[in-house]
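Please read the structure below before turning to the comments.
The values are calculated or read from the model by the stated rules, or taken from the named source; none is laboratory data. Nothing here was measured: the structure is a model prediction, and the numbers come from that model. All Cβ positions, glycine included, derive from the backbone under ideal geometry; neighbour counts span all protein chains shown.
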Amino acid sequence: MSNQSYLILVVGPTAVGKTDLCLNLAKKFKTEIVSCDSRQFYREMNLGTAKPSSDELNEVPHHFINSLSIEQEYDVRKFEREALALLDSLFQNHQVVIMTGGSGLFADAVVNGLDEMPEIDPGVRARIIEEYEEKGLVFLQEEIAKNDPEYFAKVDQKNPQRLMRALEIWRGTGQKFSSFRVKSKKERPFEVIKIGLERDREELYSRIDTRMDQMITAGLFDEADALFGKRHLNALQTLGYSEIFGYLEGKYDKEEAIRLLKRNSRRYAKRQMTWFKKDESIRWFSPEMQEEIQEFLINQIE
């Protein structure tokens, strides 16, 4: 083996089987796991984010799981800085480190780096938040479609945080958000080997539905109810909670909330696959191919 450090990045849609593979790889390479799943950072959000179980977390050291409170402001830039500092430390003792998650943007920040964004007066953001609360998502969509159609074509158009950020840049600089996204790859002091996990669509959707039933049985509605008073926080504007908040606000019944939880989870998985499939450097496997994955990685490292 060489002196080169290797980051093994394991990606794929929700419920595909990333946790099992990463635990096995971490044991095989006697190393640690770094989560780049932005929903799993928060201590208060357990059932709705499908974190590894406490037993799994104890089997292998994990980082960036339960590392924040929902009260804390956190973004992909802070994650990039903190993850790189952590990797620097881990590579002192390990040749290989595993990183995994379904958040493509957070994985991309560590592997390729983020484009530099200008500092914007906080008052600009505050005004946009007020307008959003008053006029809703359609207002944000129309503003971005009109002022930055290139970005609007790529962004998750139902994500208010992303839309507000783009509008903030536009109003604060007079330039399009897309003009700052030049994607200049940063040099990293480690090699990255990317593994993607995929399943047949029907099988994946069935696993998503089953897992959602298990989360509900385990108390997902109670967990969301306990967080209901803080539903305005950024961290809680997410799949698995917003659907239940709608039910708790009386917008629809519990049966409809469960239908939305399953439907939106399947849609999320589809968006994840669209994101990851754009990356031609990912080597795709079925989760059952654990031996082949290990063999592929050993060959890459040697």
**Fill in**
Of the residues in region 214-264, those that are under 29 Å from Glu130 (Cα atoms) and of a type in the set (Gly, Ala, Ser) come to Ala224, Ala226, Gly229, Ala235, Gly240, Ser242, Gly246, Gly250, Ala257
**Fill in**
The condition from (1) under 23 Å from Ile98 (Cβ atoms); (2) modelled with pLDDT of 95 or more that Lys185 misses is numbered (2)
**Complete:** In region 240-268, anything in a helix (DSSP H, G or I), of a type in the set (Gly, Ala, Ser) and under 15 Å from the mean Cα position of the chain (by Cα) is listed as Ser265
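This table checks each residue for (1) part of a loop (DSSP other than H, G, I, E, B); (2) in contact with a Lys or Arg (Cβ under 8 Å, 6 or more places away or on another chain); (3) among the polar types (S, T, N, Q); (4) surrounded by 22 or more Cβ atoms within 10 Å (Cβ to Cβ).
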| site | (1), (2), (3), (4) |
| --- | --- |
| Leu9 | no, yes, no, yes |
| Thr19 | no, no, yes, no |
| Leu23 | no, no, no, no |
| Val34 | no, no, no, yes |
| Glu56 | no, no, no, no |
| Asn66 | yes, yes, yes, no |
**Request:** Could you please tell me which pairs satisfy a Cβ distance under 6 Å, a separation of 6+ or placement on different chains, a first residue in region 129-152 that is among the polar types (S, T, N, Q), and a second residue that is modelled with pLDDT of 90 or more?
**Result:** Asn147/Trp170
**Request:** Scan region 269-300 for residues that are touching a strand residue (DSSP E or B) at 6+ places or on another chain (Cβ under 7 Å), part of a helix (DSSP H, G or I), modelled with pLDDT of 95 or more and not charged (D, E, K, R) and report the count.
**Result:** 4
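With region 81-176 as the region, which helices (runs of 4 or more DSSP H) entirely inside it contain at least 1 residues that are among the small types (Gly, Ala, Ser) and either under 20 Å from Val11 (Cβ atoms) or touching a Gly at 6+ places or on another chain (Cβ under 7 Å) (or both)?
Values: elements: 104-112, 122-135, 137-147, 149-154, 160-173.
Fully inside region 81-176 and qualifying: 104-112.
For (1) hydrophobic (A, V, I, L, M, F, W, C); (2) touching a Phe, Trp or Tyr at 6+ places or on another chain (Cβ under 7 Å); (3) more than 30 Å from Leu25 (Cβ to Cβ); (4) not assigned by TED's automatic domain parsing to the domain that holds Ala26, each residue gets a yes or a no:
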{"residue": "Ile98", "(1), (2), (3), (4)": "yes, no, no, no"}
{"residue": "Arg127", "(1), (2), (3), (4)": "no, no, yes, yes"}
{"residue": "Gly136", "(1), (2), (3), (4)": "no, no, yes, yes"}
{"residue": "Tyr151", "(1), (2), (3), (4)": "no, yes, yes, yes"}
{"residue": "Lys154", "(1), (2), (3), (4)": "no, no, yes, yes"}
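Checking the conditions here, which among Arg171, Arg188, Arg201 is surrounded by 13 or more Cβ atoms within 10 Å (Cβ to Cβ) and free of Cβ contacts under 8 Å to residues at least 12 places away in the same chain? Walk me through it before giving the result.
On the way: Arg171 fails: free of Cβ contacts under 8 Å to residues at least 12 places away in the same chain; Arg188 fails: free of Cβ contacts under 8 Å to residues at least 12 places away in the same chain.
Being surrounded by 13 or more Cβ atoms within 10 Å (Cβ to Cβ) and free of Cβ contacts under 8 Å to residues at least 12 places away in the same chain holds for just one of Arg171, Arg188, Arg201, which is Arg201.
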**Item:** Selection within region 119-177 - touching a Lys or Arg at 6+ places or on another chain (Cβ under 7 Å) and of a type in the set (Ser, Thr, Tyr)
**Value:** Tyr151
**Request:** Can you run down the residue pairs with Cβ atoms below 7 Å, 6 or more apart or on separate chains, where the first is in region 273-302 and free of Cβ contacts under 8 Å to residues at least 60 places away in the same chain and the partner is surrounded by 16 or more Cβ atoms within 10 Å (Cβ to Cβ)?
**Result:** Glu292/Phe285
**Request:** Would you please name the residue that is nearest to the chain's Cα centre (by Cα), looking only at residues in region 186-218 that are closer than 21 Å to Lys278 by Cβ and assigned to a loop (DSSP other than H, G, I, E, B)?
**Result:** Glu198
